[in-house]
1. Would you mind counting up the charge near residue 20? Only other residues with Cβ under 15 Å from its Cβ, with Lys and Arg at +1 and Asp and Glu at -1.
2. Could you run the Karplus curve 6.51 cos²θ - 1.76 cosθ + 1.60 with θ = phi - 60° over region 186-194 and give me ³J(HN,Hα) per residue in whole Hz, x for Gly and Pro?
3. Rank 86, 108, 123 by mean-square fluctuation in a GNM of the chain with C-alpha springs under 10 angstrom and give only the top-ranked residue.
4. Just need log10 I(q)/I(0) for region 39-138 at q = 0.11, 0.19, 0.22 Å⁻¹, Debye formula, equal scatterers on the alpha-carbon atoms, no solvent, rounded to two decimals.
5. Ordered by residue, what ³J(HN,Hα) values in Hz, to whole numbers, does region 84-99 give under the Karplus form 6.51 cos²θ - 1.76 cosθ + 1.60, where θ = phi - 60° and Gly and Pro are x?
6. For a quick protection proxy, order the peptides 140-148, 160-168, 99-107 by their average other-Cβ count within 10 Å, most packed first.
7. Give the carbon-plus-sulfur fraction of the accessible surface of the chain in %, rounded to a whole number; probe 1.4 Å, heavy atoms of protein chains only.
8. Could you work out which residue, out of 43, 175, 183, moves most in a Gaussian network model of the chain, that is, has the largest mean-square fluctuation with Cα springs under 10 Å?
Amino acid sequence: MTGFVASAFLLALLTGCAGTDFKRPGTADLALGKSTMADVTRVMGSPRQTGEILKNEQKVQMAQYAYAVSGGTGHRPGVIPARSMTFSTFQDVLVGEEFIGSFAEDATDFDDSKVSAIQKGKTTRDQVTALLGKPSGQALYPLIKLKTGNAAIYHYVQVSGTVFSLKQYQKLLIVTFDENNIVNDVEYVSNGTL
């Protein structure tokens, strides 16, 4: 899931003003576990890129939307503003949606110094949201291992520099909750240069 999102994000950046601008759909527009890929294209239009990944031994279809512009205002000075949205379906049912933004107005940056406060078996979904804010994505099985659970995704990617000396930085947090909205698993990774 993550590699597909990050590579599409970089592709949009490398092509300068790329893709068609879009807004993240509201929660009433598309629903995990209910909406189909036809619903996604009805709301979002045709995707910029499609693909397939294997997660938990299941084939998941992905549709990605991306937009970057060289003249906008980035989240931090020198950051190339971009946004990306990936939708994942399994057996034509939406099982994941993930938005990444580095524009000043919709950046998905989060305070990763608070990740250590999240405890497996203790922390609730409401506590995670109070700690880190609204997640930038969500996922169901087979994007996560837990068949009866769901996950909140916090993902930020930024690119700065020029075409000949790009610097990329990303951080990703996936918090999986059980059916009672208690943290079941926490995965965090960061890499690159700020």
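1. +3
2. 9, 10, 9, 8, 9, 7, x, 10, 6
3. Fluctuation is largest for 123.
4. -0.46, -1.06, -1.12
5. Result, ordered by residue: 9, 9, 10, 10, 10, 10, 10, 6, 6, 10, 5, 10, x, 8, 9, 10 Hz.
6. Ranked from most to least packed, the peptides come out as 99-107, 140-148, 160-168.
7. In the chain, the share of accessible area belonging to carbon and sulfur is 50 percent.
8. Of 43, 175, 183, the Gaussian network model singles out 43 as fluctuating most.
The values are calculated or read from the model by the stated rules, or taken from the named source; none is laboratory data. Since the model is a prediction, treat every value here as computed from it, not as a measurement. Because the Cβ atoms are built from the backbone with ideal geometry, glycine has one as well, and the counts that use them run over all protein chains shown. When the accessible area is computed, the model is the full protein with side chains, heavy atoms only, and any ligands, DNA or RNA have been set aside. Shrake-Rupley method; radii C 1.70, N 1.55, O 1.52, S 1.80 Å.
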